[in-house]
Amino acid sequence: MVEPGVSPDGLTRTVTAARTIDLAPTLAPLSRGRGDPCHHVTPDGAHWHASRMPTGPVTYRLVQSGLCSVRAHAWGEGASEFLDRLDHMLCLDEDLSEFAPEHPKLVDAHRRFPGLRMLRTGLVFEALVPAVLEQKVHTVSARASWRQLVRQFGSPAPGPAPAGLLLPPDAETWRRIPSWSFHRANVGPQRAQTIVRAARLADALEQSAAHDPVEAARRLQTVPGIGVWTAAEIGQRAFGDADALSVGDYHLAAVVGWTLLGHPIDDDAMVEYLEPLRPHRYRAVRLLEISGHAHKPKFGPRTPLTDHTWH
């Protein structure tokens, strides 16, 4: 039940699960790096985020209130809808009875982080844009593009939000962003066109969240410019897909290989090796990441950043 919140226009809710909730690593995929205008973590450990729910914009603040509970505050037209869906978003219904990794590093990571949850925001287009921005470019460059475009075309988050917290642009705004604005944000034509194309289909794309993750990913990939990798990145955030392995990622196969086998492998070998962990392959990757086990030796110079801006 949603209760009256701490401010006149805010609402609060506490959700409790049967097993632990590790809030910080669970929410980490929502953040697009330090300085993300849509996601702030304040010194008190609270996670603030601004989103666009179907019923309207929302600013929400989540804090760990116990080993098995999370306290939420929300403001804006979408506050009630967000709080109603919070247990769904945090995947409090997920079943881990069949997740039994055997590799010692995965066993250790699962033991140390038993409360890692997947994310099921249901907000497909919101997850799509930053995923497209990260296609085939350095993460640092993609996140700089995200910051620039949100700061230019986003809007203030509702409620008593931290300074600088912004709502991402809605689909209609993304559709109307001129090509030169994408260019100045270091976004090449192919990625820009994919975002604009997806924005035209945003309403239909949102409906994919009602399907199982496999069918949802298939529907996403009918959009030109959305491939296996991008669909997986969306599924990891919007669909709660614990199996959404980012095949095609520049680093992932090598990281999995070095971490679990002691040598690099390619995508095909990674898919084959992780097959016994289906339908929890992405969960296994996240556990390696948050436990600190994931690693890849550094060889040679770093790949140069691609700059699409005018000088």
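The values are calculated or read from the model by the stated rules, or taken from the named source; none is laboratory data. Everything numeric in this text was worked out from a predicted model, so none of it was measured. Neighbour counts run over all protein chains shown; Cβ positions are idealised from the backbone, glycine included. All accessible areas refer to the heavy atoms of the entire protein, side chains included, with ligands and DNA or RNA removed. Shrake-Rupley method; radii C 1.70, N 1.55, O 1.52, S 1.80 Å.
Given (1) 5, 24, 29, 23, 13, 5, 1, 0; (2) 6, 26, 35, 25, 7, 0; (3) 6, 21, 25, 23, 15, 7, 2, 1, 0 as candidate values of P(r) over Cα pairs in 10 Å bins from 0, in percent, which corresponds to the one derived from the coordinates?
Identified label for the calculated read-out: (2).
Using a basic spin-label model with each label point 7 Å from the Cα along Cα→Cβ, how many nm lie between R218 and E102?
Going from the R218 label point to the E102 one covers 3.1 nm.
Region 121-160 to region 178-235: how many Å between their Cα centroids?
Here the two parts' Cα centres lie 13 Å apart.
Could you state how much accessible area W258 has, in square angstrom rounded to the nearest 10, with a 1.4 Å probe and all protein chains kept in place?
60
What does the charge count near A238 come to, summing +1 for each Lys or Arg and -1 for each Asp or Glu among other residues with Cβ under 10 Å from its Cβ?
With Lys, Arg at +1 and Asp, Glu at -1, the neighbours total -2.
When Lys and Arg each count +1 and Asp and Glu each count -1, what net charge do the other residues less than 12 Å away from L288, Cβ to Cβ, add up to?
+4
Just to make sure I understand: if all protein chains stay in place, what is the order of I290, I195 by accessible area at 1.4 Å, largest first?
Largest to smallest exposure gives the sequence I290, I195.
Report the FRET efficiency, 1/(1 + (r/R0)^6), for Q152 and E77, where r is their Cβ-Cβ distance and R0 is 30 Å, rounded to 0.05.
My answer for the efficiency is 0.80.
What is the sum of charges around H40, taking Lys and Arg as +1, Asp and Glu as -1, for the other residues whose C-beta is under 13 Å from the C-beta of H40?
Result for the neighbourhood of H40: +2.
Report the label-to-label distance for T14 and D84 in nanometres (one decimal), using points 7 Å from each Cα along the Cα→Cβ vector.
Placing both labels 7 Å beyond Cα along the Cβ direction yields 2.3 nm.
In whole Hz, with x marking every Gly and Pro, tabulate ³J(HN,Hα) for region 39-56 from phi via Karplus 6.51 cos²θ - 1.76 cosθ + 1.60, θ = phi - 60°.
Result, ordered by residue: 9, 10, 10, 8, x, 7, x, 7, 9, 9, 8, 10, 9, 10, 7, x, 8, x Hz.
Could you state, as a whole-number percent, how many of the C-alpha pairs of region 83-241 are farther apart than 30 Å?
Here the tail beyond 30 Å accounts for 23 percent of pairs.
Step by step: find N for region 1-104, compute 2.2 N^0.38 Å, then divide the Cα radius of gyration by it. What's the final number?
Dividing the Cα Rg of region 1-104 by 2.2 N^0.38 Å gives 1.14.
With +1 on each Lys and Arg Cβ and -1 on each Asp and Glu Cβ, and nothing else charged, work out how big the dipole of the chain is about its Cα centre, in Debye to the nearest 20. Don't skip to the answer; put the middle values down first.
Details: 33 positive and 34 negative charges, 211 e Å.
Around 1020 debye, computed over the chain.
At 7 Å along Cα-to-Cβ for each site, give me the label-to-label distance between D266 and R197 in nm.
Between D266 and R197, the simple spin-label model gives 2.6 nm.
For H73, H295, give me the order by solvent-accessible area with a 1.4 Å probe, most accessible first, ignoring ligands, DNA and RNA.
Values: H73 20, H295 80 Å².
If we order H73, H295 from most to least accessible, we get H295, H73.
Straight-line reach from K136: which aspartates and glutamates fall under 12 Å, measuring Cα to Cα and dropping same-chain residues less than 8 apart?
Output for K136: D249.
Within region 182-202, name every residue whose backbone N is under 16 Å away from a label modeled 7 Å from Cα of H138 along the Cβ vector.
Within reach of a label on H138, which here means backbone N under 16 Å from a point 7 Å along Cα→Cβ, region 182-202 contributes 186-188.
Would you list which lysines come within 26 Å of K105, measuring only between C-alpha atoms, while excluding same-chain residues fewer than 8 positions from it?
K105 reaches K296, K298.
Where in region 17-55 does the amide nitrogen come within less than 15 Å of the point 7 Å from the Cα of S69, taken along Cα to Cβ?
Once the point is set 7 Å along Cα→Cβ of S69, 17-21 turn out to lie under 15 Å by backbone N, inside region 17-55.
Can you bin every Cα-Cα distance in region 164-311 into 10 Å intervals starting at zero and give me the percent of pairs per bin, rounded to whole numbers?
It works out to 10, 30, 31, 24, 4, in whole percents.
Report the gain in length on full extension from E275 to T173: 0.36 nm times residue separation, minus Cα-Cα distance, nm rounded to one decimal.
Details: separation 102, 0.36 × 102 = 36.72 nm, distance 4.05 nm.
So the chain would gain 32.7 nm between E275 and T173.
How do Y60, Y273 rank by accessible surface area computed with a 1.4 Å probe, from largest to smallest?
The residues order as Y273, Y60, largest area first.
Which one of E272, E134, E289 has the biggest mean-square fluctuation once the chain is modelled by GNM with Cα springs under 10 Å?
Top of the fluctuation ranking is E272.
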